[in-house]
Amino acid sequence: MMWNETMESMPLEELRKIQRIRLQKTVEKVYLNTPFYRKKLQEMGLEPGDIQSIDDIVKLPFTTKQDLRDNYPFDLFASPMSEIVRLHASSGTTGRPTVVGYSRKDLSIWSEAAARCITAYGGTKDDIFQVSYGYGLFTGGLGVHGGVEKIGGTVIPMSSGNTDKQIMLMRDFGATAIACTPSYALFLGEAIRDMNIPREQLRLRFGAFGAEPWTESMRKEIEDKLGIKAYDIYGLSEIIGPGVSYECECQNGSHINEDHFFPEILNPETLKPVKPGEQGELVFTTITKEGMPLLRYRTKDLCSLIYEKCDCGRTFTRMTRITGRSDDMLIIRGVNVFPSQVESVILEMAEFEPHYLLIVDRMNNLDTLQIQVETRPEYFSDEINKMLILKKKISHRLQSVLGISADVKLMEPRSLERSTGKAKRVIDNRKLD
Ligand code: DLL
């Protein structure tokens, strides 16, 4: 089933034409309304009229997460604040979050995008959807929420955490679908087993999983543990949130809602397009957004595009699963974490040396994060109490900057291995294959 058959299975020629018109409008809009882009375009000697075809997109400047930080909070908005009806944000490298603003039309496009995903997974207005992504500044909760309401389904706006209650309500309300991170889905599966709830008491049919990388073997495990069909949903807050792309029943890549988000795959080093089908960095240009349109946003996610027609009848290009990132961003319990955030906290505090190590693991399907930090000799002490106070101080600060809690281990002076080349800051023991 398709939510919007006209768009989702539009002949490619027509789709390219719509994309061209929308791209032209977007470039004109940012040229007129976003000083950041006007300056960039002028420096490159470009005017909106220079974009004659969709292929001209390669002439346009890139946008990075750093640009969002430099323009914190609202300087990339192309609409006046009076037109912005919602703000979202994701964690940034040094505490400054990256902020996005949505107009009323943007929100309606977002729920349309999410409605297409849910319909592709087999969801209808008869489904009762437990939304277990976090609600708040994170786009997961409200994004899927909007899609379920759009198709007329019933939303249970659970948000994340509180596992026992999640399971109780899932059973009592007869939830037929769930949206959460794939690792939390596995955790829920085990908790259901531990609570001795027979599968017949649950009505779950399918789930929409994303916000972090996962694999085919995780899909199988989720499907076995929860007794459901598991589908991939991809997105990032800078572009819209969940709903940038979605799997169909063929489950061979995720269709990109490319009437709204135009994809390119570039070599992350040369920033030139790769050959069709090759892997590289995914780059998106939003072609309908009003609040914060972005030109050629570098997602840093690595994947490839599949241009061949899909058996489901959709003509939208597919992207393969994300296999990694071209930067050092980690996703821990669904939260984006950069090692440089840890570094910024350590540098603020006189008690520590800038030597640290992040050890990420997955236990009982939940991500764990240990942060080892070297204490300066003059602050290192045999007195447990002193060390506990110090640990509490840095843990508290780290939690507020990272947005997740970590097990902090204070290390003796000079105990962390020094590297002769590139410092090794992260050991990720999660096995994602
Ligand atoms: O994670 C939006 C989202 C919410 C997507 C719920 C899907 C479901 P951010 O916090 O901005 O937004 O993080 C975006 O998460 O660049 C990818 O690296 C990663 N990511 C998101 N979905 C997937 C997925 C949300 N299905 C970053 N597979 C992206 C792999 C994913 N990685």
- Message: Taking a ≥ b ≥ c as the square roots of the Cα gyration tensor eigenvalues, with a/c under 1.5 meaning rounded and otherwise prolate when a/b beats b/c, else oblate, which class fits the chain?
- Response: oblate
- Task: With both partners inside the chain, how many of the DSSP beta bridges are antiparallel, as a percent to the nearest 5?
- Result: 65
- Query: How much accessible surface area, in Å² rounded to 10, belongs to the heavy atoms of residue 3 with a 1.4 Å probe?
  - Reply: 90
- Expressed as a whole percentage, what fraction of the accessible surface of the stretch 68-151 belongs to carbon and sulfur atoms when a 1.4 Å probe is rolled over the protein heavy atoms? 53
- Note on the structure: For the stretch 5-327, the dipole about the Cα centre with charges only on Cβ (Lys and Arg +1, Asp and Glu -1), to the nearest 20 debye, works out at 400
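Under 8 Å for C-alpha pairs, at least 6 residues apart: give me the relative contact order for the stretch 307-426, rounded to a whole percent.
Values: 145 pairs, mean separation 28.7, N = 120.
That works out to 24 percent.
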- Item | Inter-centroid distance (Cα atoms) of the stretch 323-359 relative to the stretch 284-311, Å | 27
- Message: At 1.4 Å probe size, what's the solvent-accessible area of residue 38? Round to the nearest 10 Å².
- Response: 80
- On the full set of protein chains, 1.4 Å probe, figure out the accessible area of residue 75 and give it in Å² to the nearest 10. 100
- Can you pick out the pairs among 40/65; 25/275; 65/431; 59/300; 165/220 whose Cα atoms lie more than 22 Å from each other? 25/275; 65/431; 165/220
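Given the stretch 335-428, what percent of its DSSP beta bridges are antiparallel, to the nearest 5?
Working: 9 of 17 bridges.
Of all bridge pairs located within the stretch 335-428, approximately 55 percent are antiparallel.
Taking only protein heavy atoms into account and a 1.4 Å probe, give the accessible area per residue of the chain in Å².
Numbers: 19330 Å² over 433 residues.
Dividing the accessible area of the chain by its residue count gives 45 Å².
Determine the dipole magnitude for the stretch 335-428: charges of +1 sit on the beta-carbon of Lys and Arg, -1 on that of Asp and Glu, nothing else is charged, the reference point is the Cα centre, and the result goes in debye to the nearest 20.
On the way: 13 positive and 14 negative charges, 25 e Å.
Computed charge dipole of the stretch 335-428: roughly 120 debye.
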- Message: If you average the alpha carbon positions of the stretch 128-160 and of the stretch 368-433, how far apart do those two centres end up, in angstrom?
- Response: 35
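The values are calculated or read from the model by the stated rules, or taken from the named source; none is laboratory data. Since the structure is predicted, the reported quantities are computational estimates derived from the model, not experimental observations. Note: ideal-geometry Cβ built from the backbone for every residue, glycine included; neighbour counts use all protein chains shown. Surface areas here come from the heavy atoms of the whole protein model, side chains and all, with no ligands, DNA or RNA. Shrake-Rupley method; radii C 1.70, N 1.55, O 1.52, S 1.80 Å.
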